[in-house]
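The values are calculated or read from the model by the stated rules, or taken from the named source; none is laboratory data. Since this is a predicted model, take the numbers as computed values, not measurements. No Cβ is skipped: glycine too gets one built from the backbone with ideal geometry, and neighbour counts run over all protein chains shown. Just so you know, the surface numbers come from the protein's heavy atoms only, side chains and all, with ligands and any DNA or RNA stripped out. Shrake-Rupley method; radii C 1.70, N 1.55, O 1.52, S 1.80 Å.
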Amino acid sequence: MASLPLTPSSTAVPANLRRQPCSLLPLSSNLKPTAGGRFRRTRPNLSSQLNAAAVDKQESITATTNPKIDYGVVGVHHVGILCDNLETSLEFYQGMLGLEINEARPHDKLPYRGAWLWVGAEKIHLMELPNPDPLTGRPEHGGRDRHACLAIRDVSKLKEILDEAGLEVRLVYVLAGHPYTLSRSGRPAIFTRDPDANALEFTQVD
């Protein structure tokens, strides 16, 4: 009986099934050759992938920003704050915080009662309207709630004013025994709430 050849001839094996040299094998991104000519699978660099995704997202946002949008933004004109009773709120904003009313802003043209209070060159607009936010169950720290921030010169002085008011002030936050909280980051800032539990931040500026 004739013996079979140990090595098949090139004509016996289809060209697309012939063994190719290792150097010609296509390498996937997570297959790396070892010294023995074998391949090992490596973990993908997730950090690099996440960073690349963040860069792509930022580039996408930047690409969709219209550089021609310029309509002259110069600052915040006023902040609207809802209150249940205008007189009670004015006791707080005027009587304790010392904010002055801007008499130049008329109210008879609006279908609700209100008042405009000066905050430096800007204003707070108190509006006597139903408040959709609950009075209870709010975060103790106003920095974790929606809030308006006022820039002031002396946080320690305001702290003294709030300390002196104490439990005599008819404010919601007094019920929990916390008339104010200080900034969690250690910067000179103090948070408090008005009679309708609207959170206010006062941050010290030079």
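Values for this structure:
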| item | result |
| --- | --- |
| Failed item, numbered, when GLY186 is tested on (1) farther than 23 Å from LEU90 by Cβ; (2) in contact with a strand residue (DSSP E or B) (Cβ under 9 Å, 6 or more places away or on another chain); (3) modelled with pLDDT of 90 or more | (2) |
| Output for region 134-155, where each listed residue is at pLDDT 90 or above and of a type in the set (Asp, Glu) | ASP145, ASP154 |
| Scan of region 177-199 for residues that are in contact (Cβ under 8 Å) with a residue 40 or more places away in the chain and part of a loop (DSSP other than H, G, I, E, B), ordered by number | SER183, ARG184, ASP194, PRO195, ASP196, ALA197, ASN198 |
| Residues within region 92-113 that are in contact (Cβ under 8 Å) with a residue 24 or more places away in the chain and either open to solvent by 80 Å² or more (accessible area, probe 1.4 Å) or in contact with a Leu (Cβ under 6 Å, 6 or more places away or on another chain) (or both), tallied | 3 |
| Residue check for LEU158: assigned to a helix (DSSP H, G or I) and either modelled with pLDDT under 85 or of a type in the set (Ser, Thr, Tyr) (or both) | no |
